[in-house]
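> Submitted below is the structure of interest, expressed as structure tokens.
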Amino acid sequence: QVQLVESGGGLVQPGGSLKLSCAASRSIFNIGTMDWYRQAPGTERELVARTSRGGVTYYEDSVKGRFTISRDNAKNTLYLQMNSLKPEDTAVYYCHCGYGSSEYWGQGTQVTVSS
């Protein structure tokens, strides 16, 4: 099993930055892809960014050039650096991974972009 705990959300003005962290309860060295999803009120959860164990990354079009996903295997932590934030980035952000035959989600962290 893997427990995922997100942190780093909060209220930020448009144009600001936040860095989300996702701490895993076990080594992530042997975990393949790890992802950040988000869900705004009234919408479906969507994939924001993904990183493979080897560092190959994917970004949803609206966040390309603004968000950076990274992982620190020594610290068992996944990160999402978010710059140039926009009001439409407001959502609950979730960490996700697959391990073995199961999928694991964190509890989510709220990001609100507003002036």
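> For segment 42-115, list the strands (runs of 3 or more DSSP E) that sit wholly inside it and hold at least 1 residues that are within 19 Å of Gly9 (Cβ to Cβ) and open to solvent by 80 Å² or more (accessible area, probe 1.4 Å); which are they?
Per the criteria, 102-105, 109-113.
> If you take the residues of segment 18-41 that are aliphatic (A, V, I, L, M) and part of a strand (DSSP E or B), which of them is most open to solvent (accessible area, probe 1.4 Å)?
Ala23
> Got a sec? Which of Asn83, Asn76 is within 13 Å of Ile28 (Cα to Cα) and of a type outside the set (Asp, Glu)?
Sole residue among the options that is within 13 Å of Ile28 (Cα to Cα) and of a type outside the set (Asp, Glu): Asn76.
> Among the residues of segment 23-56, which ones are at pLDDT below 95 and of a type in the set (Ser, Thr, Tyr)?
Hits for segment 23-56 are Ser25, Ser27, Thr33, Ser52.
The values are calculated or read from the model by the stated rules, or taken from the named source; none is laboratory data. Quick caveat, the model's predicted, so the values are computed rather than measured. Glycine gets a Cβ as well: all are built from the backbone with ideal geometry, and neighbour counts include every protein chain shown. Heavy atoms of the whole protein, side chains included, go into the accessibility calculation; ligands, DNA and RNA do not. Shrake-Rupley method; radii C 1.70, N 1.55, O 1.52, S 1.80 Å.
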